[in-house]
Amino acid sequence: MSMGERTSRAARIWMTAATLLVVPQMARPSAAHDNAGTSWASWQDQDAQDREQEKRDREQEKRDREQEKLDREQEKRDREQERLERLDELYSDGREALDEDRYDQAAGKFRELADMNGPQTDAALYWKAYSENKLGQRDSALTTIADLEKRFAQSRWIKDARALKIEVQQSSGQPAHPETQPDEELKMLAITGLMNSDPQRAMPLLEKVLNGPGTPKEKSKALFVLAQNGSAESREILGRIARGQSNPDLQKKAVEYLGLFGGQQARQTLAEIYASTGDESVKRAILKSYMIGGDKEHLLAAAKGEKDTSLRAEAIKQLGIVHAPEELRQLYKTETSPEVKKDILQAFFLSGDAKFLAEAAQGEKDAEVRRSAIRNLGLVGSADAKEALLAIYAKETDRENKEAVLNALFIQGNAHALVTIARGEKDPELKKTAVSKLALMNSKEGNDYLMEILQK
């Protein structure tokens, strides 16, 4: 082989080797590129998932904070409601002690009430001073009256307090026990007799009692005698007191008597007072007075027009008590608030209207409102209500509502319906619920069915 041939051959070998070395290197970057692309896509997916999870976590944290805020607000409202209930309880207990001439206990109740500094503080101070005076504690009574005058100069109890102050100052300061006091009942019997025979002479005496420092019982009896009279003058005096001329306690009593003894004119007076006052307690007294007088018209007007939700609920409740199904149906038909609808359904229960409750339980679109209708239907207990609950269970699609029907049937003591449902129910959990209700009822039909289950 010549030198030239050897050189040419060597060159070819070298080029082949170079090619073998270069080609894999060219191929490898392509594979690496593919792997890098796959890794990059996976990283992007993971990053997107992480960002989405972080977003969900932030939203959950926000919901948790909002829920915590709502819980705190609800807890605050609950505490305030408990406080208000305690205030009402103390006032009621104190008044009861006064009526029973237990002045030491009354003074203690009103002292505690005044220390709590609630909306009845001015009334508490007046009755505390009144009780102290009855116990012969003149200096304490005068100090309490001075506190009332200083802190509540515009209070409607000031007039009564000043009359009491004069009485305290005129007294000897000696202990005044109940047995040494004038016979109030005898005095009121005399005024009542005089009212029947000579109203012109009796009227000033009644006004003196109402405007003086008499006991709660004495003033209430005087107002009662006045309300029974029915004369134009007595209605005028009663109306003035109902409008707030006297202390709040006497005002509410006057409102009550207007509803009890008054006619159309009294109803109109009450409606005017309701429209003009901002005192929630007076409005509640008027709503109750409407109920006592069977005044559906003004109750419906309050149920429609009242802005305060609790007062509106009270008006609706009173419509149920006076058995006003047409008025309640009218309200329900135009109402959009689920909470108000529940109040109306509760009123239907109070009126015993199972038919409408059944209609609402089957026709209402809001599942929670349907549930309220079901619960109230269970409380009615009539034969119509029992039949309606079975029909509702068969049509209902909401699980919670089905459970509500089972509970309603349990409250009714309707073992037959529960057995019927348990026999046909395919859902094991609902069937267990029905059986658990039967196990608590101790009815023959229910027990027989329980034995069937045990024998299978």
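Every number here is computed from the coordinates shown, using simple stated rules; none is lab data. Just so it is clear, the structure is predicted and the values come from calculations on it, not from any experiment. Positions of Cβ are generated from backbone atoms using ideal geometry, with glycine treated the same way; all protein chains shown enter the neighbour counts.
Tabulated results
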{"read-out": "Shape call, region 302-456: gyration tensor on alpha carbons, a/c limit 1.5", "value": "prolate"}
{"read-out": "Residue order, fewest to most surrounding Cβ atoms within 10 angstrom, among W43, W157, W127", "value": "W43, W157, W127"}
{"read-out": "Neighbour-count order for K109, K437, K307, K55, fewest beta carbons within 10 angstrom listed first", "value": "K307, K55, K437, K109"}
{"read-out": "Fewest-first sequence of D308, D198 by Cβ atoms within 10 Å of each Cβ", "value": "D198, D308"}
{"read-out": "Only Lys, Arg (+1) and Asp, Glu (-1) charged, at Cβ; region 47-141 dipole about Cα centre in debye", "value": "340 debye"}
{"read-out": "Spin-label pair K355/D448, simplified geometry with 7 Å Cα→Cβ offset, distance in nm", "value": "3.4 nm"}
{"read-out": "Pairs beyond 32 Å (Cα-Cα), from K55/K341; K55/K402; K296/K355; K76/K431", "value": "K55/K341; K55/K402; K76/K431"}
{"read-out": "Only Lys, Arg (+1) and Asp, Glu (-1) charged, at Cβ; the chain dipole about Cα centre in debye", "value": "1020 debye"}
{"read-out": "R83 paired with D104, simple spin-label distance in nm, labels 7 Å along Cα-to-beta-carbon", "value": "3.2 nm"}
{"read-out": "Furthest towards positive pole of dipole, A303, G94, I392, structure part the chain, Cβ charges", "value": "I392"}
{"read-out": "Set of lysines with alpha-carbon distance to K217 below 29 Å, sequence-local pairs under 8 removed", "value": "K109, K128, K134, K150, K159, K165, K187, K208, K252, K253, K283, K288"}
{"read-out": "Lys, Arg +1 and Asp, Glu -1 on Cβ, resulting dipole of region 184-293 about Cα centre, debye, nearest 20", "value": "140 debye"}
{"read-out": "The chain: angle of helix 325-334 to the longest principal axis, Cα-based, in degrees nearest 10", "value": "40 degrees"}
{"read-out": "Shape category assigned to region 96-171 from the gyration tensor of Cα positions, a/c cut at 1.5", "value": "oblate"}
